[in-house]
C-alpha cells in the first residue's frame with residue numbers, strides 16, 4: 001500500500017500519489033454552461049488530501065455530443081475562463097487537473113442537444129431507445145475541430161493533462177466498432193482513422209501535454225460491443241501516438257450500462273480478466289477503474305502488477321478522506337460506498353445533482369460550528385436519525401440518540417439482505433461506526449416516552465422513528481398465513497412453502513420474490529400497476545428483472561389486484577380478467593410503508609422545538625433520509 005502513496009511520473013507530469021479521480025458526471029452545472037458553487041465545492045472536497053490527478057466530469061467537444069443538460073461545457077466562448085475556476089481549486093489543494101474530452105455519439109441526449117443523436121452509421125442506443133443518424137463527412141470535420149478547440153481551451157485553463165474517451169460505447173468506440181460503423185467511406189474502410197484524426201487534432205492544440213486514452217477493457221456486449229479482438233490494434237496505435245497512459249474501464253453506455261457503472265451486484269472476475277489482457281497487450285501505464293474502494297481489492301491490483309495507478313470515484317465521493325485513512329492504517333474508519341448508484345447516478349439522471357447515500361456533505365459548503373449549542377434528543381437510529389445525530393454533534397450540539405432496537409441502522413440494516421446488495425452492508429456498518437465515534441451519546445434498546453423526555457429535558461426533539469408496514473384490507477387475509485415485508489427481512493416469521501404469494505412487486509416485493517425464487521420456492525408476485533420494481537434505481541431494476549426472468553419458478557403479474565382469499569384459492573383480477581390461483585402456504589405483504597406515528601401530544605407539549613424527519617415525515621429512501629438529517633443540522 002505504501003507504493004500507492006509514492007510519486008508517479010506521467011510523461012514528465014509528477015503525480016504526488018498513484019490515485020486518480022475518474023470523470024464522474026455531477027449534474028451540478030446549469031444549461032448556460034457556467035461553473036457553479038456546487039462544482040467548486042465538489043472538486044475542492046475531492047482534491048483535499050486526495051488523488052494525485054483529478055479528472056473532471058466529461059465535457060462534450062461539440063454541443064451535439066452532450067449527454068446531460070447540466071453537463072460541464074467546453075464548447076462555449078468563455079469555457080476556458082469558466083473551467084479555470086475548477087483548475088484553480090484543484091491546484092490550490094496541491095493536486096493536478098485533467099480535462100476529459102468526449103462526444104457521446106449515439107449516446108447523446110436529445111434533451112441536452114436539442115437534436116437527434118449522430119453516430120458513424122444509423123443505429124439505436126439500447127439504453128435510451130434513441131435512434132442515431134449517420135454523420136456526414138462535414139459533421140465529422142466539425143467534431144474534429146471541436147476536439148482541437150477543446151484542447152486549446154484546456155491549455156488556456158491551465159490543465160495539466162488531457163484524457164480522450166475512446167471506449168464505453170461513445171463516439172470514438174462507435175467508429176472503431178465494425179458492428180456499428182458500417183460506413184463505406186474512408187472512415188469505415190479504416191476504422192482507426194477517426195481516433196487517429198482525434199489525437200492529431202488534440203495534439204495540434206495541446207502540444208506535448210500528457211494524454212490519457214480511456215477505453216473499455218471489455219464492453220461486455222457480445223452482440224453490439226467492440227470485440228476484444230479489435231483492442232490490440234488500438235493499443236498498438238496508442239503506443240505509437242505517444243499516449244501517456246491507458247485508463248481502463250468496462251462496459252458500454254448504450255449496451256451494457258451495469259458494467260459501465262460497475263454495479264454492486266456484478267462479479268469482479270471479468271474486470272480482472274480484462275485488465276490482465278490489456279496488461280499483456282500494452283507496455284503503457286495502466287489506470288484501473290471500477291469498484292476499487294475496498295483496500296484488499298486495491299492491493300490486489302497493485303501486488304499482482306495489474307495496474308500502475310488506481311482510479312477511485314464513488315468511494316471518494318462516499319468518503320473524501322478514504323486515502324488519508326488508508327495511508328494512516330485507519331481502514332476501520334472508512335465510510336464505504338455500496339456501489340448502489342442510488343444517490344449518485346440516479347440523481348444525475350433525474351437532473352437533481354450528484355449525491356451519496358452515506359455522505360450528504362458531498363458538493364455542499366463546509367459545516368460551520370453553531371453559535372448556540374442545544375441539548376438535542378434524537379429518537380430513532382435509522383439513516384435519518386443517525387445522520388441528524390452525527391451532523392448536529394459535528395456542529396457542536398449536545399446530542400443523545402435513542403433507538404428502541406438493540407442496534408442502530410433501521411431499515412438500512414435490512415436493505416443489504418436483498419439479492420445483489422451485499423456491498424451495502426459495509427456502507428451501513430461504516431456509517432454506524434462513524435456515529436459511534438462521534439460526540440453522540442447513544443442508547444439502544446430503549447423507547448422514548450413522555451417520562452424519558454421529562455428526564456432528559458431537551459431543547460430540541462428530533463423524531464426519526466421511521467416507517468411501518470401498510471396492511472391492506474383483503475377479504476380472507478386474516479385466515480391466511482401472512483407476514484409483512486419488514487417481518488420477512490427481520491426473520492420474525494417462517495416462510496412456509498412450496499407456494500408463496502408476494503403482494504406488491506415494487507422495489508421490495510421484487511427483491512423478496514427473487515430471494516425466495518433463488519431458494520426454490522414457487523413464487524407469484526403481483527402489482528396493481530406497472531412498472532414492476534418501481535422506485536428502484538434503473539440499472540438495479542433492470543438487473544433484478546433480468547435475474548427474475550431467469551427463474552422459472554417465479555411469476556410476476558403486473559396490473560393485478562388480489563381480491564379474495566378462500567379455501568379453494570386466491571381470486572385475482574388482471575386487466576379486468578378474473579381468475580383463481582391455487583392456494584399459497586404463505587403470503588408476503590409488500591404494499592409499501594407508512595410513516596410511524598408522530599410523538600403524542602404530551603411529548604410535543606414538553607419540548608419547545610420538535611422536528612419530524614425521514615420516513616417518519618414521508619416515506620422515501622435512504623438517500624432522502626440521510627439528507628434530511630444533514631439539512632436539519634444546517635438549520636440549527
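For the range 488-510, filtering for residues that are farther than 23 Å from residue 545 by Cα and in contact with a helix residue (DSSP H, G or I) (Cβ under 6 Å, 6 or more places away or on another chain) leaves 1.
Yes or no, residue by residue, for (1) under 20 Å from residue 370 (Cβ atoms); (2) surrounded by 18 or more Cβ atoms within 10 Å (Cβ to Cβ); (3) in contact with a strand residue (DSSP E or B) (Cβ under 8 Å, 6 or more places away or on another chain):
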residue	(1), (2), (3)
396	yes, no, no
417	no, no, no
427	no, yes, no
435	yes, yes, yes
441	yes, no, yes
453	no, yes, yes
461	yes, yes, yes
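Is it the case, given these coordinates, that residue 413 is within 23 Å of the chain's Cα centre (by Cα) and buried (at least 22 other Cβ atoms within 10 Å of the Cβ)? No: the conditions fail for residue 413. In this structure, is residue 571 more than 27 Å from residue 337 (Cα to Cα), in contact with a helix residue (DSSP H, G or I) (Cβ under 8 Å, 6 or more places away or on another chain) and either assigned by TED's automatic domain parsing to the domain that holds residue 265 or in a strand (DSSP E or B) (or both)? The answer is no for residue 571. Here the condition is being touching a strand residue (DSSP E or B) at 6+ places or on another chain (Cβ under 8 Å), on the phi < 0 side of the Ramachandran plot, buried (at least 23 other Cβ atoms within 10 Å of the Cβ) and in contact (Cβ under 8 Å) with a residue 12 or more places away in the chain; of 253, 274, it holds for 274 alone.
Can you work out which of the residues in the range 124-138 that are more than 19 Å from residue 186 (Cβ to Cβ) and touching a strand residue (DSSP E or B) at 6+ places or on another chain (Cβ under 6 Å) is surrounded by the fewest Cβ atoms within 10 Å (Cβ to Cβ)? Taking the candidates together, the pick is 131. Checked against the criterion of being in contact with a helix residue (DSSP H, G or I) (Cβ under 8 Å, 6 or more places away or on another chain) and on the phi > 0 side of the Ramachandran plot, the range 528-537 contains one or more residues that satisfy it.
Against the numbered list (1) under 19 Å from residue 191 (Cβ atoms); (2) touching a residue at least 40 places away in the same chain (Cβ under 8 Å); (3) in a helix (DSSP H, G or I), residue 121 comes up short only at (3).
Does the range 25-43 contain at least one residue that is in contact with a helix residue (DSSP H, G or I) (Cβ under 8 Å, 6 or more places away or on another chain), closer than 18 Å to residue 156 by Cβ and at pLDDT below 95? Yes, the conditions are met somewhere in the range 25-43.
Does residue 292 satisfy the condition of being touching a strand residue (DSSP E or B) at 6+ places or on another chain (Cβ under 9 Å), more than 18 Å from residue 166 (Cα to Cα) and outside any helix (DSSP H, G or I)? When the stated conditions are applied, residue 292 passes them. Can you find even one residue in the range 532-551 that is in contact (Cβ under 8 Å) with a residue 24 or more places away in the chain, farther than 20 Å from residue 473 by Cβ and surrounded by fewer than 14 Cβ atoms within 10 Å (Cβ to Cβ)? Within the range 532-551, one or more residues are in contact (Cβ under 8 Å) with a residue 24 or more places away in the chain, farther than 20 Å from residue 473 by Cβ and surrounded by fewer than 14 Cβ atoms within 10 Å (Cβ to Cβ). Among the residues of the range 491-523, those that are touching a strand residue (DSSP E or B) at 6+ places or on another chain (Cβ under 6 Å) and outside any strand (DSSP E or B) comprise 493, 495, 496, 498, 505, 509, 512, 513, 516, 517, 521.
Here residue 580 fits the description: over 33 Å from the mean Cα position of the chain (by Cα) and in a strand (DSSP E or B).
Of the residues making up the range 571-589, at least one is over 27 Å from residue 345 (Cα atoms), free of Cβ contacts under 8 Å to residues at least 40 places away in the same chain and surrounded by 14 or more Cβ atoms within 10 Å (Cβ to Cβ).
The condition of being within 16 Å of residue 17 (Cβ to Cβ) and either over 14 Å from the mean Cα position of the chain (by Cα) or not assigned by TED's automatic domain parsing to the domain that holds residue 417 (or both) holds for only one of 306, 284, 266, 292, that being 292.
The values are calculated or read from the model by the stated rules, or taken from the named source; none is laboratory data. Since the model is a prediction, treat every value here as computed from it, not as a measurement. When we count neighbours, we look across all protein chains shown, and the Cβ atoms used for this are built from the backbone with ideal geometry, even at glycine.
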